[in-house]
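The values are calculated or read from the model by the stated rules, or taken from the named source; none is laboratory data. Values in this document were obtained by computation on a predicted structure and should not be read as measured data. Here the Cβ is made from the backbone with ideal geometry for all residues, glycine too, and neighbour counts use every protein chain on show. Heads up: the accessible areas ignore ligands, DNA and RNA and are worked out on the full protein's heavy atoms, side chains in. Shrake-Rupley method; radii C 1.70, N 1.55, O 1.52, S 1.80 Å.
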Amino acid sequence: MKASKVLSLVLLLTFAAGMVTPIASAETPEIFTVFPTTDGQPFRICAESPQVIWYTLPDQNALGRLSLVQESASIENFVLPTTSSQPYDIACAGGRVWVTERAGNKIAMFDPAKTAWSEYDIPTPASEPTGIEVQPGEPTQVWFVERTGNKIGRLTVPAVGQATLTEYESPIAGMLFEDISLAGPGTVWFTAPGAQRIGRLNANLWPSDTAYAFEFTGPNSQPWKLVVDPSGYPWFTERTGNRIGQFQPGTLTNLRWVALPNAGSDPYAIDIWNGGAWFTEAGGQRVGRVDRTTYSLRELVAQGAMFTGIDFSNNGCAWLSDNALQRIVRWCPPYFRMIYLPLIRLNS
């Protein structure tokens, strides 16, 4: 499917403090660029470069690729070898694309240079792999979580030789793992909404009972997507509490929260870029940024959108997968523009 670069949206601009009236006028800067994906609903996304964007299409059992050449766009889909595998999360590393097959119970790797797939079976039956993170190198380390398998997995793939897969079972039942982020060699952070926890696994300590460490995020909480910042601490979305969390050791609960002002925002995906924690709201039809120093909050309205993925390319543009409106959205600097100076909400 070919699609030329098409719609640039004039969007409603708002801030958390509610001090700026939303504006939709000819003077409002056009800061979103939209690329329709009419043959599928994109779910999770990764930006290999400013010109190549990958995303999962669970309902189509496919991986999508958006390619840009001087702002002319083309979109291609690549169907997975396993039928009805439900490709879920995605990671780009070393020129290859890695995907979790939630229903297929496999980790899949796509090599664009060869237009070829490789699949790796997970030993635990019906484990439902969800979040994935890849550490490139020799060998490549592919980390993932198993929602119903109640384990964290590591796939080690050498350049030559047999790949090996190791599973680390959680000492707590019913974790319902969702996401994972690399903190260092052998160490990952994860979200466990089934147990209202985030946590850390240091595989170098396995099988010691100190390999796993957990932080309780509150009754009925639902920590979802997570990303580790340059200091080595994670930021995460907490869906039912309608807030953004940061692991901050030394505080009363080791957690710091930034509440979202709109009920039912359902904070979903999150990424770190240039001093900010950037997030999407699946229910609030918004994207936003928390300043990692001041904890000030800004939000931008995108009517009708349900952004389920966000990833930054190395030129500072955020790429968003809009599951509801079937599109990929590029959001570039200056990100937020204002006609009136807003009152920025500070969170303590």
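Just one of the numbered conditions (1) at pLDDT 95 or above; (2) in a loop (DSSP other than H, G, I, E, B); (3) charged (D, E, K, R) is not true of residue 5: (1). Of the residues making up the stretch 197-245, those that are polar (S, T, N, Q) and open to solvent by 10 Å² or more (accessible area, probe 1.4 Å) are 202, 204, 208, 210, 220, 222, 231, 240, 242. Filtering the stretch 291-302 for residues that are in contact with a Pro (Cβ under 9 Å, 6 or more places away or on another chain), open to solvent by 10 Å² or more (accessible area, probe 1.4 Å) and part of a strand (DSSP E or B) leaves a non-empty set. Looking only at the stretch 171-196, residues that are open to solvent by less than 10 Å² (accessible area, probe 1.4 Å) and not hydrophobic (A, V, I, L, M, F, W, C) come to 5 in all. When the stretch 54-76 is filtered for residues that are open to solvent by less than 10 Å² (accessible area, probe 1.4 Å) and within 15 Å of residue 326 (Cβ to Cβ), the ones remaining, listed by number, are 55, 56, 57, 62, 64, 66, 73, 75. Comparison of 219, 234, 223, 249 shows that the only residue that is more than 18 Å from residue 311 (Cα to Cα) and within 14 Å of the chain's Cα centre (by Cα) is 223.
Number of residues in the stretch 271-285 that are open to solvent by less than 10 Å² (accessible area, probe 1.4 Å) and either under 18 Å from residue 43 (Cβ atoms) or in contact (Cβ under 8 Å) with a residue 40 or more places away in the chain (or both) equals 5.
Within the stretch 231-254, the set of residues being modelled with pLDDT of 95 or more and under 18 Å from residue 180 (Cα atoms) comprises 234, 235, 236, 237, 238, 239, 244, 245, 246, 247.
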